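Below is one structure, written out as C-alpha coordinates; comments come after it.
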Amino acid sequence: MLATSALGSPGVCVYKWDNGNLQATSQLQHFGDAGSTAVVINCNNQVIASACESGEVKLCLPDETGRGSLFEFTPVRDREVRSLSFDPSSRYLGCGGDFEHVMIWDLKKKKKVRELKGHLLTESISSVCFSKDGQNIASGGSSGTILIHSVRERNISSRLQQVKKNTINTTSPTSSSSSMTQMASSLGQLTFNPIRPNILGAAYTKGEVVIYDTQTNSSICEYNFHDHINNKTSDFGGGVHSGRYGAISFSPINQKFLVSGGEDGKLIFADYEFPNKIVKELNPGLGSITVTQFMGDGIYVSGGTSKGVLFVYDLRNTSQPVQMFRDHASLPINSMHFHEISPDTLLTAPGSGSKQSPTDSTSSRLSMNSIDQSDRLSLGSERFSLSSIRSSFNQDVDRASLSSLQQPIQQQQTHQSPAAAPPSSSLLQQSSSFVSPQ
(Lines give C-alpha, C1' and ligand atoms only; values in the text may rest on other atoms or scores of the structure.)
Protein backbone atom coordinates (compact mmCIF):
# COMPACT_ATOMS: atom_id res chain seq x y z
CA MET A 1 0.00 0.00 0.00
CA LEU A 2 1.10 3.56 -0.68
CA ALA A 3 -0.33 6.82 0.67
CA THR A 4 0.40 10.44 -0.22
CA SER A 5 -0.65 13.70 1.41
CA ALA A 6 -0.98 17.32 0.34
CA LEU A 7 -2.58 20.51 1.53
CA GLY A 8 -6.00 21.15 0.02
CA SER A 9 -8.53 18.58 -1.10
CA PRO A 10 -8.11 15.62 -1.19
CA GLY A 11 -5.78 15.55 1.79
CA VAL A 12 -4.71 11.89 1.54
CA CYS A 13 -4.72 9.56 -1.47
CA VAL A 14 -4.41 5.80 -0.95
CA TYR A 15 -3.11 3.33 -3.55
CA LYS A 16 -2.90 -0.45 -3.71
CA TRP A 17 0.35 -2.03 -4.90
CA ASP A 18 -0.20 -5.27 -6.81
CA ASN A 19 2.56 -7.06 -8.74
CA GLY A 20 4.21 -3.95 -10.09
CA ASN A 21 0.98 -2.02 -10.60
CA LEU A 22 -0.25 0.91 -8.51
CA GLN A 23 -4.02 1.41 -8.31
CA ALA A 24 -5.85 4.33 -6.70
CA THR A 25 -8.32 3.02 -4.12
CA SER A 26 -9.55 5.88 -1.94
CA GLN A 27 -9.24 9.53 -0.95
CA LEU A 28 -9.44 10.61 2.68
CA GLN A 29 -10.64 14.12 3.52
CA HIS A 30 -10.86 14.04 7.29
CA PHE A 31 -9.50 17.60 7.49
CA GLY A 32 -11.80 18.96 4.80
CA ASP A 33 -10.39 21.46 2.33
CA ALA A 34 -7.41 22.13 4.61
CA GLY A 35 -5.77 18.90 3.46
CA SER A 36 -3.00 17.03 5.23
CA THR A 37 0.62 17.75 6.17
CA ALA A 38 1.82 14.17 6.82
CA VAL A 39 0.72 10.57 6.35
CA VAL A 40 1.98 7.16 7.46
CA ILE A 41 0.69 3.55 7.19
CA ASN A 42 0.75 1.09 10.07
CA CYS A 43 2.56 -2.27 9.96
CA ASN A 44 -0.34 -4.39 8.69
CA ASN A 45 -1.83 -1.85 6.25
CA GLN A 46 -5.00 -1.60 8.33
CA VAL A 47 -4.68 1.96 9.67
CA ILE A 48 -3.54 5.28 8.19
CA ALA A 49 -2.44 8.18 10.38
CA SER A 50 -2.53 11.71 8.99
CA ALA A 51 -2.04 15.21 10.36
CA CYS A 52 -2.97 18.79 9.52
CA GLU A 53 -1.83 22.40 9.93
CA SER A 54 -4.00 23.03 12.99
CA GLY A 55 -2.22 20.26 14.89
CA GLU A 56 -4.73 17.42 14.78
CA VAL A 57 -3.69 13.81 14.15
CA LYS A 58 -6.31 11.29 13.05
CA LEU A 59 -6.16 7.51 12.61
CA CYS A 60 -8.61 5.94 10.20
CA LEU A 61 -9.25 2.96 7.95
CA PRO A 62 -7.65 3.25 4.50
CA ASP A 63 -10.76 2.30 2.53
CA GLU A 64 -13.70 3.92 4.31
CA THR A 65 -13.86 7.54 3.25
CA GLY A 66 -17.25 8.22 4.82
CA ARG A 67 -16.36 6.91 8.26
CA GLY A 68 -15.08 9.01 11.13
CA SER A 69 -11.67 8.55 12.68
CA LEU A 70 -10.81 5.59 14.90
CA PHE A 71 -8.81 7.80 17.23
CA GLU A 72 -7.59 11.39 17.18
CA PHE A 73 -5.43 13.65 19.30
CA THR A 74 -3.67 17.02 19.17
CA PRO A 75 0.01 17.20 20.24
CA VAL A 76 0.04 21.01 20.52
CA ARG A 77 -3.05 22.98 19.56
CA ASP A 78 -2.63 25.31 16.57
CA ARG A 79 0.90 24.01 15.93
CA GLU A 80 1.40 22.19 12.63
CA VAL A 81 2.37 18.51 12.70
CA ARG A 82 4.92 17.98 9.90
CA SER A 83 5.99 14.36 10.32
CA LEU A 84 4.63 11.06 11.67
CA SER A 85 6.29 7.69 12.24
CA PHE A 86 4.95 4.36 13.52
CA ASP A 87 7.26 2.12 15.52
CA PRO A 88 7.60 -1.43 14.07
CA SER A 89 4.68 -2.77 16.13
CA SER A 90 2.49 0.25 15.26
CA ARG A 91 1.51 0.57 18.90
CA TYR A 92 3.45 3.82 19.19
CA LEU A 93 3.23 6.88 16.93
CA GLY A 94 5.93 9.54 16.89
CA CYS A 95 5.07 13.16 16.01
CA GLY A 96 7.19 16.16 15.05
CA GLY A 97 6.23 19.65 13.93
CA ASP A 98 6.19 23.31 14.88
CA PHE A 99 7.03 22.48 18.48
CA GLU A 100 10.43 21.76 19.98
CA HIS A 101 9.71 18.30 21.43
CA VAL A 102 9.27 14.90 19.76
CA MET A 103 6.08 13.39 21.13
CA ILE A 104 5.15 9.69 21.22
CA TRP A 105 1.62 8.39 21.66
CA ASP A 106 0.70 4.92 22.93
CA LEU A 107 -2.23 4.00 20.69
CA LYS A 108 -3.33 1.13 22.90
CA LYS A 109 -3.55 3.28 26.02
CA LYS A 110 -4.58 6.32 23.91
CA LYS A 111 -2.29 8.73 25.66
CA LYS A 112 1.03 10.53 25.28
CA VAL A 113 3.84 8.52 26.88
CA ARG A 114 6.98 10.39 25.79
CA GLU A 115 7.97 14.01 25.25
CA LEU A 116 11.57 13.96 24.09
CA LYS A 117 13.50 17.21 24.49
CA GLY A 118 16.72 18.58 23.03
CA HIS A 119 15.77 20.60 19.95
CA LEU A 120 16.00 24.39 20.01
CA LEU A 121 12.99 26.24 21.38
CA THR A 122 12.59 28.05 18.05
CA GLU A 123 13.13 24.95 15.91
CA SER A 124 10.51 23.30 13.74
CA ILE A 125 10.88 19.51 13.49
CA SER A 126 10.39 18.45 9.88
CA SER A 127 11.13 14.71 10.09
CA VAL A 128 10.85 11.94 12.69
CA CYS A 129 11.71 8.29 12.10
CA PHE A 130 11.69 5.24 14.38
CA SER A 131 14.58 2.81 14.12
CA LYS A 132 13.82 -0.68 12.84
CA ASP A 133 13.92 -2.18 16.34
CA GLY A 134 11.75 0.58 17.80
CA GLN A 135 14.29 1.41 20.49
CA ASN A 136 15.34 4.80 19.08
CA ILE A 137 13.73 7.66 17.23
CA ALA A 138 15.59 10.15 15.02
CA SER A 139 14.41 13.71 14.50
CA GLY A 140 15.63 16.84 12.76
CA GLY A 141 14.41 20.14 11.47
CA SER A 142 15.14 23.75 10.66
CA SER A 143 18.51 23.89 12.47
CA GLY A 144 19.88 20.94 10.49
CA THR A 145 20.89 19.11 13.68
CA ILE A 146 19.71 15.51 14.04
CA LEU A 147 18.93 14.05 17.46
CA ILE A 148 18.54 10.35 18.19
CA HIS A 149 16.66 9.62 21.40
CA SER A 150 16.51 6.36 23.27
CA VAL A 151 12.78 5.77 23.63
CA ARG A 152 13.17 3.71 26.80
CA GLU A 153 15.75 5.93 28.53
CA ARG A 154 14.29 9.20 27.18
CA ASN A 155 17.77 10.61 26.66
CA ILE A 156 19.76 11.75 23.61
CA SER A 157 22.02 8.92 22.45
CA SER A 158 23.42 10.75 19.41
CA ARG A 159 23.66 14.30 18.10
CA LEU A 160 24.56 14.46 14.40
CA GLN A 161 25.57 17.45 12.29
CA GLN A 162 26.95 18.03 8.82
CA VAL A 163 30.70 18.35 8.49
CA LYS A 164 31.08 20.81 5.63
CA LYS A 165 34.79 20.23 5.04
CA ASN A 166 34.12 16.59 4.07
CA THR A 167 31.41 17.46 1.58
CA ILE A 168 31.83 16.13 -1.96
CA ASN A 169 30.09 18.25 -4.59
CA THR A 170 28.60 16.05 -7.29
CA THR A 171 26.46 18.71 -8.94
CA SER A 172 27.42 20.37 -12.20
CA PRO A 173 30.39 22.81 -12.27
CA THR A 174 28.00 25.68 -13.00
CA SER A 175 25.80 24.88 -10.02
CA SER A 176 24.90 27.82 -7.82
CA SER A 177 25.56 25.69 -4.73
CA SER A 178 28.96 25.36 -3.11
CA SER A 179 29.84 22.66 -0.64
CA MET A 180 32.42 24.88 1.06
CA THR A 181 30.38 28.06 1.44
CA GLN A 182 26.76 27.01 1.99
CA MET A 183 25.11 27.86 5.25
CA ALA A 184 23.62 25.01 7.26
CA SER A 185 20.58 23.50 5.54
CA SER A 186 17.28 22.63 7.09
CA LEU A 187 16.48 18.96 7.17
CA GLY A 188 14.12 17.57 4.56
CA GLN A 189 13.81 13.86 5.39
CA LEU A 190 15.32 11.18 7.62
CA THR A 191 15.24 7.43 6.99
CA PHE A 192 16.93 4.42 8.55
CA ASN A 193 18.54 1.79 6.36
CA PRO A 194 16.20 -1.26 6.37
CA ILE A 195 19.13 -3.70 6.27
CA ARG A 196 21.76 -1.94 8.43
CA PRO A 197 19.80 -0.38 11.31
CA ASN A 198 22.75 1.75 12.46
CA ILE A 199 22.86 3.61 9.12
CA LEU A 200 20.76 6.76 8.89
CA GLY A 201 20.19 8.75 5.70
CA ALA A 202 19.44 12.48 5.74
CA ALA A 203 18.38 14.69 2.84
CA TYR A 204 18.70 18.44 3.32
CA THR A 205 16.77 21.22 1.66
CA LYS A 206 19.79 22.74 -0.14
CA GLY A 207 20.63 19.53 -1.96
CA GLU A 208 22.98 17.74 0.41
CA VAL A 209 22.65 14.03 1.18
CA VAL A 210 24.45 12.69 4.26
CA ILE A 211 24.84 9.08 5.41
CA TYR A 212 25.47 8.71 9.14
CA ASP A 213 26.66 5.81 11.29
CA THR A 214 24.72 6.15 14.54
CA GLN A 215 27.07 3.77 16.36
CA THR A 216 30.11 6.00 15.80
CA ASN A 217 28.13 9.27 15.73
CA SER A 218 29.83 10.31 12.53
CA SER A 219 29.07 10.78 8.85
CA ILE A 220 30.16 8.07 6.41
CA CYS A 221 29.86 10.40 3.44
CA GLU A 222 28.42 13.82 2.75
CA TYR A 223 27.88 15.26 -0.69
CA ASN A 224 25.77 17.58 -2.82
CA PHE A 225 23.52 15.55 -5.06
CA HIS A 226 21.11 18.28 -6.12
CA ASP A 227 21.31 21.88 -7.28
CA HIS A 228 19.79 24.39 -4.92
CA ILE A 229 18.05 27.09 -6.94
CA ASN A 230 18.74 30.41 -5.23
CA ASN A 231 16.18 33.23 -5.33
CA LYS A 232 13.56 30.84 -6.67
CA THR A 233 9.97 31.31 -5.60
CA SER A 234 9.01 28.22 -3.66
CA ASP A 235 6.57 25.83 -5.31
CA PHE A 236 5.06 25.49 -1.87
CA GLY A 237 3.92 29.09 -1.95
CA GLY A 238 6.33 30.53 0.62
CA GLY A 239 5.65 30.95 4.30
CA VAL A 240 6.10 28.00 6.63
CA HIS A 241 5.74 25.57 3.73
CA SER A 242 8.61 26.89 1.64
CA GLY A 243 11.74 24.84 1.12
CA ARG A 244 10.32 21.40 1.89
CA TYR A 245 12.73 19.72 -0.48
CA GLY A 246 15.09 16.86 0.21
CA ALA A 247 14.00 13.24 -0.17
CA ILE A 248 15.89 9.97 0.33
CA SER A 249 15.18 6.23 0.34
CA PHE A 250 17.36 3.14 0.77
CA SER A 251 16.94 0.03 -1.35
CA PRO A 252 15.15 -2.76 0.55
CA ILE A 253 17.53 -5.41 -0.88
CA ASN A 254 20.90 -3.68 -1.15
CA GLN A 255 22.30 -1.96 1.90
CA LYS A 256 24.40 0.63 0.03
CA PHE A 257 22.06 1.56 -2.81
CA LEU A 258 19.94 4.70 -2.41
CA VAL A 259 17.86 7.22 -4.31
CA SER A 260 17.47 10.93 -3.54
CA GLY A 261 15.35 13.74 -4.92
CA GLY A 262 15.54 17.49 -4.66
CA GLU A 263 14.57 20.94 -5.79
CA ASP A 264 16.23 20.47 -9.17
CA GLY A 265 13.60 17.86 -10.11
CA LYS A 266 16.08 14.99 -10.44
CA LEU A 267 16.15 11.47 -9.04
CA ILE A 268 19.74 10.42 -8.40
CA PHE A 269 20.77 6.83 -7.65
CA ALA A 270 24.03 6.12 -5.86
CA ASP A 271 26.08 3.60 -3.94
CA TYR A 272 27.15 5.41 -0.77
CA GLU A 273 30.39 3.43 -0.66
CA PHE A 274 31.42 5.42 -3.74
CA PRO A 275 29.95 8.90 -3.06
CA ASN A 276 31.85 10.58 -5.90
CA LYS A 277 30.00 8.45 -8.47
CA ILE A 278 26.41 8.87 -9.59
CA VAL A 279 25.07 5.49 -10.70
CA LYS A 280 22.05 6.90 -12.47
CA GLU A 281 20.28 10.23 -12.92
CA LEU A 282 16.64 10.62 -13.98
CA ASN A 283 14.78 13.85 -14.68
CA PRO A 284 11.01 13.23 -14.94
CA GLY A 285 10.41 16.91 -15.74
CA LEU A 286 7.40 17.02 -13.42
CA GLY A 287 8.57 19.66 -10.94
CA SER A 288 10.78 19.57 -7.86
CA ILE A 289 11.00 16.17 -6.15
CA THR A 290 9.49 16.44 -2.68
CA VAL A 291 9.29 12.73 -1.74
CA THR A 292 10.66 9.45 -3.06
CA GLN A 293 10.66 5.80 -2.00
CA PHE A 294 11.72 2.38 -3.25
CA MET A 295 8.77 0.09 -3.81
CA GLY A 296 8.62 -3.43 -2.39
CA ASP A 297 11.06 -5.50 -4.40
CA GLY A 298 13.53 -2.66 -5.04
CA ILE A 299 12.99 -2.68 -8.80
CA TYR A 300 10.41 0.12 -8.69
CA VAL A 301 10.82 3.66 -7.36
CA SER A 302 8.02 6.15 -6.72
CA GLY A 303 8.21 9.89 -6.30
CA GLY A 304 6.04 12.91 -5.64
CA THR A 305 6.52 16.44 -6.93
CA SER A 306 5.80 20.07 -6.14
CA LYS A 307 3.22 20.03 -8.95
CA GLY A 308 1.17 17.27 -7.33
CA VAL A 309 2.28 14.42 -9.58
CA LEU A 310 2.88 10.90 -8.23
CA PHE A 311 5.03 8.80 -10.58
CA VAL A 312 6.52 5.30 -10.66
CA TYR A 313 9.67 4.17 -12.48
CA ASP A 314 10.59 0.60 -13.38
CA LEU A 315 14.38 0.52 -13.02
CA ARG A 316 14.67 -2.07 -15.79
CA ASN A 317 13.41 0.51 -18.27
CA THR A 318 13.80 4.15 -17.27
CA SER A 319 12.96 5.89 -20.52
CA GLN A 320 9.85 7.29 -18.84
CA PRO A 321 7.67 6.65 -15.76
CA VAL A 322 5.48 3.57 -16.11
CA GLN A 323 2.68 5.23 -14.15
CA MET A 324 1.63 8.78 -13.24
CA PHE A 325 -1.22 10.06 -11.05
CA ARG A 326 -2.50 13.60 -10.61
CA ASP A 327 -4.98 13.00 -7.80
CA HIS A 328 -3.64 15.99 -5.84
CA ALA A 329 -4.22 18.29 -8.85
CA SER A 330 -1.38 20.83 -8.79
CA LEU A 331 -0.90 20.80 -5.01
CA PRO A 332 2.60 19.82 -3.80
CA ILE A 333 2.86 16.33 -2.33
CA ASN A 334 4.37 16.86 1.11
CA SER A 335 4.49 13.28 2.39
CA MET A 336 4.49 9.73 1.04
CA HIS A 337 4.70 6.32 2.67
CA PHE A 338 4.92 2.91 1.03
CA HIS A 339 4.48 -0.20 3.15
CA GLU A 340 4.38 -3.84 2.14
CA ILE A 341 3.74 -6.52 4.75
CA SER A 342 6.73 -8.84 5.07
CA PRO A 343 7.18 -12.17 6.89
CA ASP A 344 9.34 -10.61 9.58
CA THR A 345 6.76 -7.99 10.59
CA LEU A 346 6.84 -7.68 14.37
CA LEU A 347 3.79 -9.05 16.18
CA THR A 348 4.53 -7.66 19.61
CA ALA A 349 4.94 -4.27 21.15
CA PRO A 350 8.48 -3.47 22.35
CA GLY A 351 9.10 -5.20 25.65
CA SER A 352 5.68 -6.82 25.80
CA GLY A 353 6.91 -10.36 25.17
CA SER A 354 3.56 -11.46 23.76
CA LYS A 355 1.01 -10.66 21.10
CA GLN A 356 -1.17 -7.67 21.73
CA SER A 357 -4.61 -8.44 23.11
CA PRO A 358 -6.70 -5.36 22.33
CA THR A 359 -9.87 -4.95 24.28
CA ASP A 360 -11.64 -2.20 22.35
CA SER A 361 -12.62 -1.64 18.71
CA THR A 362 -9.96 0.99 18.07
CA SER A 363 -7.00 -1.03 19.30
CA SER A 364 -8.32 -4.13 17.55
CA ARG A 365 -7.93 -2.23 14.30
CA LEU A 366 -4.28 -1.75 15.20
CA SER A 367 -3.62 -5.38 16.08
CA MET A 368 -1.46 -7.72 14.02
CA ASN A 369 -3.69 -10.78 14.17
CA SER A 370 -4.93 -10.45 10.60
CA ILE A 371 -1.52 -10.79 8.97
CA ASP A 372 -1.34 -13.65 6.47
CA GLN A 373 2.30 -14.62 6.00
CA SER A 374 1.72 -17.68 3.83
CA ASP A 375 2.20 -16.01 0.48
CA ARG A 376 4.89 -13.44 1.24
CA LEU A 377 7.92 -13.89 -1.01
CA SER A 378 11.43 -14.07 0.36
CA LEU A 379 13.70 -11.13 -0.37
CA GLY A 380 16.26 -13.72 -1.41
CA SER A 381 14.23 -14.64 -4.51
CA GLU A 382 15.81 -14.09 -7.90
CA ARG A 383 12.82 -11.91 -8.64
CA PHE A 384 14.17 -9.31 -6.26
CA SER A 385 17.80 -9.52 -7.34
CA LEU A 386 19.39 -6.30 -8.55
CA SER A 387 21.58 -8.34 -10.87
CA SER A 388 18.77 -7.92 -13.40
CA ILE A 389 19.33 -4.18 -13.25
CA ARG A 390 23.12 -4.24 -13.17
CA SER A 391 23.61 -5.55 -16.71
CA SER A 392 21.54 -2.79 -18.25
CA PHE A 393 23.86 -0.02 -17.05
CA ASN A 394 26.11 1.50 -19.68
CA GLN A 395 29.65 0.11 -19.69
CA ASP A 396 31.05 3.60 -19.16
CA VAL A 397 29.84 3.61 -15.56
CA ASP A 398 32.64 2.80 -13.13
CA ARG A 399 32.20 -0.87 -12.26
CA ALA A 400 33.42 -0.19 -8.74
CA SER A 401 30.34 1.90 -8.07
CA LEU A 402 28.16 -1.06 -9.01
CA SER A 403 30.01 -3.77 -7.15
CA SER A 404 27.62 -3.81 -4.21
CA LEU A 405 24.68 -4.35 -6.54
CA GLN A 406 26.04 -7.80 -7.29
CA GLN A 407 25.85 -8.97 -3.71
CA PRO A 408 22.53 -10.52 -2.67
CA ILE A 409 21.39 -9.50 0.76
CA GLN A 410 19.89 -12.85 1.72
CA GLN A 411 21.19 -16.12 0.36
CA GLN A 412 18.46 -18.40 1.59
CA GLN A 413 15.20 -19.02 -0.27
CA THR A 414 12.57 -21.16 1.33
CA HIS A 415 10.39 -21.83 -1.71
CA GLN A 416 9.67 -20.71 -5.26
CA SER A 417 6.18 -19.35 -5.82
CA PRO A 418 4.43 -20.73 -8.92
CA ALA A 419 3.55 -17.16 -9.85
CA ALA A 420 7.07 -15.81 -9.40
CA ALA A 421 8.65 -13.64 -12.07
CA PRO A 422 11.10 -15.23 -14.53
CA PRO A 423 14.66 -15.73 -13.29
CA SER A 424 17.28 -13.02 -13.47
CA SER A 425 18.61 -14.22 -16.83
CA SER A 426 15.23 -13.52 -18.40
CA LEU A 427 15.07 -10.08 -16.83
CA LEU A 428 18.53 -9.34 -18.21
CA GLN A 429 17.29 -9.95 -21.72
CA GLN A 430 14.21 -7.78 -21.18
CA SER A 431 15.98 -4.74 -19.74
CA SER A 432 18.43 -2.86 -21.90
CA SER A 433 17.65 0.83 -21.50
CA PHE A 434 18.86 1.52 -17.95
CA VAL A 435 21.93 3.45 -19.04
CA SER A 436 24.20 5.90 -17.35
CA PRO A 437 23.68 9.62 -17.89
CA GLN A 438 25.47 11.09 -20.89
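Answer yes or no as to whether Gly134 is at pLDDT 90 or above, part of a loop (DSSP other than H, G, I, E, B) and open to solvent by less than 50 Å² (accessible area, probe 1.4 Å).
When the stated conditions are applied, Gly134 passes them.
Enumerate the strands (runs of 3 or more DSSP E) found wholly within region 29-124, keeping only those where 3 or more residues are under 23 Å from Asp327 (Cβ atoms) and open to solvent by 10 Å² or more (accessible area, probe 1.4 Å). I'd like the intermediate steps shown before the answer.
Details: elements: 38-41, 48-51, 57-60, 71-73, 81-86, 92-97, 99-106, 111-116.
By residue number, 81-86.
For region 1-19, what are the residues that are under 18 Å from the mean Cα position of the chain (by Cα) and open to solvent by 10 Å² or more (accessible area, probe 1.4 Å)?
Met1, Lys16, Trp17
Can we say Ser50 is more than 15 Å from Gly32 (Cα to Cα) and among the polar types (S, T, N, Q)?
Here the answer is no, as Ser50 does not meet what is asked.
Which is within 24 Å of Ile148 (Cβ to Cβ), of a type in the set (Asp, Glu) and at pLDDT 95 or above, of Asp87, Asp98?
On the way: Asp98 fails: at pLDDT 95 or above.
Among Asp87, Asp98, only Asp87 is within 24 Å of Ile148 (Cβ to Cβ), of a type in the set (Asp, Glu) and at pLDDT 95 or above.
Which ones in region 148-161 are crowded, with 21+ Cβ neighbours inside 10 Å and either in contact with a helix residue (DSSP H, G or I) (Cβ under 8 Å, 6 or more places away or on another chain) or of a type outside the set (Val, Ile, Thr) (or both)?
His149, Leu160
Would you check if there is a residue in region 323-333 being aliphatic (A, V, I, L, M), under 19 Å from the mean Cα position of the chain (by Cα), at pLDDT 95 or above and crowded, with 21+ Cβ neighbours inside 10 Å?
Narrowing region 323-333 to residues aliphatic (A, V, I, L, M): 324, 329, 331, 333.
If we keep only those that are under 19 Å from the mean Cα position of the chain (by Cα) as well, we get 324, 333.
Those still in the list that are at pLDDT 95 or above too: 324, 333.
So of that shortlist, the ones also crowded, with 21+ Cβ neighbours inside 10 Å come out as 333.
Yes, some residue in region 323-333 is aliphatic (A, V, I, L, M), under 19 Å from the mean Cα position of the chain (by Cα), at pLDDT 95 or above and crowded, with 21+ Cβ neighbours inside 10 Å.
The values are calculated or read from the model by the stated rules, or taken from the named source; none is laboratory data. What you are looking at is a predicted structure, and each value in this text was computed from that prediction instead of being measured. Every residue, glycine as well, gets a Cβ built from its backbone with ideal geometry; the counts of neighbours run over all protein chains shown. Please note that ligands, DNA and RNA were not included when accessible areas were found on the heavy atoms of the full protein model with its side chains. Shrake-Rupley method; radii C 1.70, N 1.55, O 1.52, S 1.80 Å.
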